[in-house]
Amino acid sequence: MTIAVTGGTGLVGRFVVDKLLGHQHDVRVLARSMDGKESFGERQNLIDWHFGDMNDTTSVDSFLSNVDAVVHAAFTHLPGRFRGGEGDDPERFWEQNFVGTLRLVERARRAGVSRVVMLSSRAVFDGLDFEPEEIGDQEPPSPTTHYGLIKAAIEQLAELYNDIAICSVRPTGIYGLTHPRSKTKWWKMLTNHISGPGDVPVDSSSRTEVHGSDVAAAISLLLSANESKMQGKSFNCSDIVTSEQQILKLTQRIVNEGPILSSVDLDPLEKPKNTMASRALVSLGWKPGGFRRLTTTLEQIVQLAGMRR
């Protein structure tokens, strides 16, 4: 398949591009500039790069020409902020993200694209009260921010079309090595406490996380799933419960003792608010990496950051 990826140089987009290349797909990436291209190393030569803007129809039409499917992972926001990412200009936020997505879907239909997988967010559930049971895939959205509302609206776009298969993936907190390495989740906190002065705050509250490669695996599944299994649906994408405090303790153990093979002796964590169940993805064969993938990532951080006692 020839698959076009928006946001291919972003956190999730990089994992998606790598996964699709690993499955021998032809991958096309729309990027605003050359920034980030070199971070793919030799793999950059396997990618069909298109440079342009999603709000420019000429760029979009060229990008979508002769492709089979689209992964839409692009999202414009203030640096480091998704919730609140509109800053003081929510109108522009909606124009760039919601209208930009609508434009992409319409141009994809005209180009004969058969399938679109869009990146949503667990932010669509921010307004729910604490739920004693896990939130299912079919739970009605209850957003409390422009970010969550846009994502919920994008999910509902799929219901308007019957001539193109559209679905959405709702990841929870995403971790995994990124570019530059110093932007990797927990990097600053871990290097500060293990190799530095230890004056960065550490949150003890529990949260749900999923590795970027597992999000990419979910997207890859949906690109190849039977259309009846994905059309018009939104899929929860969540894996493990952890906390910054637990992450720090695990990393300290890795530095002092080496790889951690089991989670049986970890202190129990409180259940986070509104934990998502990912039953629909699991039913399609999705198998996230769980505790082992988390500790492998922490081992990579320890090695790359040169952490030593």
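A single member of 17, 71, 29 is part of a helix (DSSP H, G or I), open to solvent by less than 50 Å² (accessible area, probe 1.4 Å) and under 27 Å from residue 95 (Cα atoms), and it is 17. Within region 78-101, which residues are within 22 Å of the chain's Cα centre (by Cα) and open to solvent by less than 60 Å² (accessible area, probe 1.4 Å)? If the condition is that a residue be within 22 Å of the chain's Cα centre (by Cα) and open to solvent by less than 60 Å² (accessible area, probe 1.4 Å), then 84, 85, 86, 87, 93, 96, 97, 98, 99, 100, 101 are the ones that fit. Taking the criterion of being modelled with pLDDT of 95 or more and in contact with a strand residue (DSSP E or B) (Cβ under 7 Å, 6 or more places away or on another chain), the residues of region 257-290 that qualify are 276, 277, 278, 280, 281, 288, 289, 290.
Residue 114: farther than 20 Å from residue 9 by Cα, touching a strand residue (DSSP E or B) at 6+ places or on another chain (Cβ under 8 Å) and hydroxyl-bearing (Ser, Thr, Tyr), yes or no? Spell out the reasoning first.
Values: farther than 20 Å from residue 9 by Cα: yes; touching a strand residue (DSSP E or B) at 6+ places or on another chain (Cβ under 8 Å): yes; hydroxyl-bearing (Ser, Thr, Tyr): yes.
Yes.
Selection of region 263-289 for residues being free of Cβ contacts under 8 Å to residues at least 12 places away in the same chain and more than 26 Å from the chain's Cα centre (by Cα) yields 264, 265, 268.
Here are 113, 60, 124: which of them is modelled with pLDDT of 95 or more and either under 17 Å from the mean Cα position of the chain (by Cα) or outside any loop (DSSP other than H, G, I, E, B) (or both)?
Working: 113 fails: either under 17 Å from the mean Cα position of the chain (by Cα) or outside any loop (DSSP other than H, G, I, E, B) (or both); 60 fails: modelled with pLDDT of 95 or more.
One residue alone meets the criteria, 124.
Does region 32-57 hold any residues that are assigned to a strand (DSSP E or B) and open to solvent by less than 20 Å² (accessible area, probe 1.4 Å), and which are they? If the condition is that a residue be assigned to a strand (DSSP E or B) and open to solvent by less than 20 Å² (accessible area, probe 1.4 Å), then 47 is the only one that fits. When region 226-239 is filtered for residues that are surrounded by fewer than 21 Cβ atoms within 10 Å (Cβ to Cβ) and either in a loop (DSSP other than H, G, I, E, B) or within 17 Å of the chain's Cα centre (by Cα) (or both), the ones remaining, listed by number, are 226, 231, 232, 233. The number of residues in region 277-297 that are touching a Pro at 6+ places or on another chain (Cβ under 9 Å) and open to solvent by less than 30 Å² (accessible area, probe 1.4 Å) comes to 3.
The values are calculated or read from the model by the stated rules, or taken from the named source; none is laboratory data. The model shown is predicted, which means the values in this text are computed figures rather than measured ones. A quick note on method: Cβ atoms are made from the backbone with ideal geometry, for glycine too, and the neighbour counts reach across all protein chains shown. Side chains are part of the model used for accessible areas, which takes the heavy atoms of the whole protein and leaves out ligands, DNA and RNA. Shrake-Rupley method; radii C 1.70, N 1.55, O 1.52, S 1.80 Å.
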